[in-house]
Amino acid sequence: MSHDLTLRGMVDALTVSGVLRSPAIRAALLAVDRARFVPDAGADAYRDAPIVLRRGADGLAISTISQPTMVVQMLEQLSLQPGHRVLEVGTASGYNAALLAHLVGDDGYVVTIEIDRALAETAAARLSGVANLRVIAGDGRGGYPEDAPYDRIIITAGAAEVPDAWTVQLVDEGRLVVPITGRHRSGRCITYDKVEGALIERSSTPCGFVPLR
Ligand code: SAH
């Protein structure tokens, strides 16, 4: 199996490592070319690494396109079905949003929210051809009540805790995947299901993320 720096090589490597299991996610990864979301990266677009999009005054990354392994792990945790309505917090490049839109299909809907207005505008332009997807510039800590409720909510920046808004905006039996991270940006990516109005933790895996702001 080839592990060269091509889209196919990236997908094969994710399969061999064991993180990529579902055929639908494999199809989405092959249909949505990661290189389109990091136009300056060249073949590095297909490495299993995050790529920094913005740095803060302290030099630390405040926006990245996430590592493919992390993207796939979270999509596997999210357990998306065609027709689902999904909220993503942290659009950045728009790559994960495009994968979400592919996975929920024409009967589904994705809204993704990004606090950095310039990033939101770039992503919106890049994704303008995707009919079942909307990009909003704003603060996702309050969710996006305008389009709630959601079958799935995915947070792609590290949170210190889960704000009530995210729970409220999930349907009952809905699922939330969120990295809960500490001061050093590492933590656990937690899968919660909403059961009778409350979040029940189902599973978690180690992860690192830029923080929510
Ligand atoms: N899903 C992205 C990666 C997200 S990186 C991709 O596929 O490329 C995390 C992003 O969350 C950063 O772009 C950051 O600006 C954004 N972010 C941080 N705090 C936020 C907030 N309160 N609301 C919305 N977006 C936020």
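State which residue is farthest from the ligand (Cβ to nearest atom) when the search covers only the stretch 115-139 and only residues that are under 14 Å from residue 100 (Cβ atoms) and not hydrophobic (A, V, I, L, M, F, W, C). It comes out as 132. The residues listed here are 158, 143; of these, the one that is touching a strand residue (DSSP E or B) at 6+ places or on another chain (Cβ under 8 Å), touching a residue at least 40 places away in the same chain (Cβ under 8 Å), farther than 24 Å from residue 25 by Cβ and not charged (D, E, K, R) is 143. Candidates 201, 146, 161, 173: the one that is on the phi > 0 side of the Ramachandran plot and at pLDDT 95 or above is 173. Residues that are part of a loop (DSSP other than H, G, I, E, B) and surrounded by fewer than 16 Cβ atoms within 10 Å (Cβ to Cβ) within the stretch 146-162 comprise 160, 161, listed in sequence order. Considering the conditions (1) closer than 22 Å to residue 56 by Cβ; (2) of a type outside the set (Phe, Trp, Tyr); (3) modelled with pLDDT of 95 or more; (4) under 13 Å from the mean Cα position of the chain (by Cα), residue 99 is excluded by exactly one of them, (1).
Yes or no, residue by residue, for (1) within 15 Å of the chain's Cα centre (by Cα); (2) at pLDDT 95 or above; (3) within 20 Å of residue 176 (Cα to Cα); (4) surrounded by fewer than 21 Cβ atoms within 10 Å (Cβ to Cβ):
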{"position": "68", "(1), (2), (3), (4)": "yes, yes, yes, no"}
{"position": "72", "(1), (2), (3), (4)": "yes, yes, yes, no"}
{"position": "124", "(1), (2), (3), (4)": "no, yes, no, yes"}
{"position": "136", "(1), (2), (3), (4)": "yes, yes, yes, yes"}
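Of all residues in the stretch 33-41, none are more than 10 Å from the ligand (Cβ to nearest atom), outside any loop (DSSP other than H, G, I, E, B), in contact (Cβ under 8 Å) with a residue 40 or more places away in the chain and touching a Leu at 6+ places or on another chain (Cβ under 7 Å). Of the residues examined, residue 86 is one that is surrounded by 24 or more Cβ atoms within 10 Å (Cβ to Cβ) and under 24 Å from residue 188 (Cα atoms). Cβ separations smaller than 9 Å between residues 6+ apart or across chains give the following pairs from the stretch 42-56 residues that are more than 23 Å from residue 17 (Cβ to Cβ) to residues that are in a loop (DSSP other than H, G, I, E, B) and not aliphatic (A, V, I, L, M): 53/93; 53/116; 54/116; 56/213.
The values are calculated or read from the model by the stated rules, or taken from the named source; none is laboratory data. The structure displayed is predicted, hence computed values, not measured ones. Reconstructed Cβ throughout: ideal geometry from the backbone, glycine too, with neighbour counts over all protein chains shown.
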